[in-house]
Amino acid sequence: MLEFMDYVQTAFLAQSRWNIDNSYASLTTTAHHLLDFHIPQGLRLHVSSLSSPRFATSYTLGSRGVVDGSLSFLYSSAGLSIASTSRSVHLESVVRGYRHLQELQRPDERHWNEIWHAGRRVDRKDALLYGRLYLPTSTLEALYLRRISPTRLLRLNCVSDGALPNGGSVLALLQNDYGKYSTEYLYSTDSALLGLRGLYNFGYDPRVPYHQPSARLPAHPWDHQSGRLSAGAEAYFSPVNKSGGVSCGLRFTTLPTHTGFPYTMTLTVNPLMGNLSSTYAVKAGRNLALCSRFDFNVYSYESDVVVGMELWQRKQASVDVAWASKLVRPGWSKVVEDDVNGVLKAQMDNNGKVGLLWECRIKELLVSLGAAFDLKKRERMLGSVGVEVSYSS
Amino acid sequence: MAFNFNWSPLIADTDRVRDMLTSSLNKSPKPPIIVDDIIVNELNLGSTPPELEILEIGDLAEDRFRGIFKMSYTGDAYLTLKTRVQANPLNTYLSTKPSFASPQPLAASSGLTIPLQITLSDIRLSGFVILVFSKQKGITLVFRNDPLESLKVSSTFDSIPFVRDYLQKTIESQLRVLFMEDLPAIIHRLSLRMFSPEYQTAENQERSKAVADGEVPVDPFAGPAQQPVDSAGMPLDGSAPFTLDAPTETYASFSQKNLLRLATLTESQRTLSLFTPGMRDTVYRAWASAADREVANDASTPMLSRPPTLSRIQSTLGSQSGWSSAASQTSDVPSTATRPSLASFASAPTVYSLSSGAPRTRPGRKRKNRVVNLRKDKGDGKDVSETASVSSSGYTASASGSAGPSVEAATGPSSLSNTQILREGEINTPPRSPKKKVGFQQQSVDDSARPQRNDSTIRGRPVTPQTRHSSHMQAADDNDDTPRASMILPEKPTEVEEKRPRRPQRQPLPRMQTLQERPRPAQLNRSSSSEVSLQNLATSAFAGEGSNGGILEQAWMMKMATEIAKRVSDEKGKQQAWRPAEGNEGFDGGEAPPAYVS
């Protein structure tokens, strides 16, 4: 389940029309959500509030052996109009599951956001500030997001911790999203790591206005009408460590115009380390998504298989109004009623590790209940159990 | 003195050491480059044992030992480790960083693990080892300096010079940590497993078997006596052919410096001074261990065929309840030993009520052999007797049993013919809670001949009990004029010398005594006598204040006196159930004494 602050950040990016999916870093988002979901450990309480459209606070108290906690504050220059109370927030927006990619959008023109008043530009660029202090470790996290231009986002992540060398580190990330392709440049002060990421989408170019997705001819054989093929690569280099890393990847995913069941396939390769990883995720129904991942290393012949699923439990329509809802025109109830009771996620790998997560809303609380098992350890099969309870107003 | 240093069983039994080493290597947080458990694949201690040179022995007893060795090892031991390492530098780099500011690469950080085998050989060690052995606390072995001189590391990556150098450097530094920190812990655990009762199994009877480095000293006194000695520490006449080591060697091993320090310590404890001389690597112990008591009673219990609880009572009350009583044992021995018939007759009526039979039942116990007398000499105890005379109004007979053996010897037979009863107050005082038990003894001694000693135990002050006491041989051998508190009368050795021939006649007597010595009335007598001496105790305490007391001390004395009075009245109240209760208490008190490390 998304933490409240992540939920607000996601809302900020959506409000400022930033497509978080058009990046090489999010190439395997679907598989990540379905297979590597976070399993809570111990007891954790979140109390959060979006006290004004621009300001949010959140407090976390956890007990995992020792009591710890965190305080976080967020300021957004753009007013956010989202459902913030835990009673009204949509479970679909806080539970991350199969990721439906939307049709690429043409980037906004620069002048669209300009606001002129008395001969002067008065519009401001959207920005977000976020800080979080962990106790008792006194670790401070800070995040600065700024939409420099319609195609550009600057992100600064800072961590201050006495345990780290130099007392902390800063990661600067500049993202460009031109629709057809996107690039990212990053720099980390920690051992001066430099990075570069790029993603290219084959086929439809949103910048060419007359190309309508449905009414065009395939430009080339892999120009799938109702899907999108993307290719990307990343490279990192640290001049201090004289070390680096490279990977490249492919993704094919169906678009909403696809008539069959949605699916996503990815293949990532690390040529230096000989690592191959392929994922396949399918949304088998409205309530069910399945995913699998195969890892293989051509040098060490190590392999790994993980399978996972998510199951959405929805409320049964009450018998009294069932006949009425059937009679309603299909497009009429556009307002999505949150009819989700809960979500069950499960994953298992070939080493006998099993993870289970149940996320639901109980009255006004969002609860996620998780457990990790290790089937190979006969005597201590239950690895960890945890509950996270969130309340927001 | 010699150490029985058995290397060959160590070579044979390396499985346990290997397991321990494996667990210890995996316990500490490993560098992120190591992704799997480190498994000790092969461990061979080689055929060449390390060379040990004894530099200093600070403490020596049946159940404890402390010494400093110089160790050097140039043997052919080797060790093979197996683990797996992460070959992707980005993976190891990111695993140590906080995820919030991590670039979170998609696949560039995917891991590649490579199995790695490392062989450590040609180990050269040289260093100073401090070894502390105690039956309760096991063996503590500390390297005073970094013992690792050189080492050869060979691994799977020997063909890559960069990796080889890196491994050599890393492993050397890790091994230094292992020697300085982990190895002492391993040895300590191993020794605990061997010595502590819950771990003790049949196979652990051979003690120093599986300790990795094998620097476990075989306590020379744990084995059979190398030389038959009588209770006074005198070698028996006919024992010359059996002598393996002359006892003088034992005495020579006591460092004069340490003796001086110990003397200062006892001096400071005799008064209420809070000063404690700084002694490095020293364990201050409260009293003799429970095991020691058991041993002490071993001689008497079998033939008495008494239930073990009773013998425990005996041990806690009479024999080793406090340091002063322990002193009295040693002091008793020469007199009874040297004048067997007289002693048994003259002191019988009182001695029976004393339950001080334990020392008597230990003729020939070898530990007398190595005791050091730190007590004040009669000569320099003159001022002590002066202060004692201050308090002597209500407590004339306040001399404790610690009146040295030399005194006993000096007073001669006449003192024994005199049946004047001396009350001897002794407060069994565990170091933490100064209100544990009160026991009182009576002894027939010539009062006038005894030095009046203002013994600190009378005040019930918590003291560090000393169970090892003066030896007469010490004086004979000791030509050194190191200032110390031993009180050896010059004439004493000769006197003991002339008594020696009579020893064999005496042998059967103590057994008979111990049989008679523990009837129930004896206990009753004792507690009543304690009542009598209680007032004396309080008054003497206050009288002592006049000479050297502060307000705080006075208050403390008051408290102690009332505390003791309460104790005694309690004991009196439950006199019927007194024995079992005392037995239990003695049992509880028989746990390992707390040790204070300065």
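General observations
- Distant-in-sequence amide H partners of B:L55 (H built 1.01 Å from N, under 5 Å): B:I68, B:F69, B:K70
- Amide H contacts for A:L43 (H built 1.01 Å from N in the peptide plane; partners 5 or more residues away or on another chain; cut-off under 5 Å): A:S63, A:V387.
- Listed residue pairs exceeding 20 Å between alpha carbons, taken from A:K283/A:K345; A:K326/A:K363; A:K242/B:K30; A:K283/A:K353; B:K30/B:K169: A:K326/A:K363; A:K242/B:K30; A:K283/A:K353
- Taking 0.36 nm per residue of separation and subtracting the Cα-Cα distance, full extension of the segment from B:T80 to B:E51 would add 8.1 nm.
- In order along the stretch A:243-248, the Karplus-derived 3J(HN,Hα) couplings, from 6.51 cos²θ - 1.76 cosθ + 1.60 at θ = phi - 60°, round to 10, x, x, 9, 8, 9 Hz, and Gly and Pro are given as x.
- Taking label points 7 Å from Cα along the Cα-to-Cβ direction, B:E181 and A:V240 give a separation of 2.4 nm.
- Using a Förster distance of 35 Å, the FRET efficiency for A:S191-B:K152 (Cβ separation, nearest 0.05): 0.60
- Gyration tensor verdict on chain A (Cα atoms; rounded if a/c is under 1.5, prolate if a/b is larger than b/c, oblate otherwise): rounded
Since every read-out is calculated from the coordinates, none of them should be taken as a lab result. The shown structure was predicted, so the numbers you read here are calculated from the model rather than taken from an experiment. We place every Cβ from the backbone using ideal geometry, glycine too, and count neighbours over all the protein chains shown.
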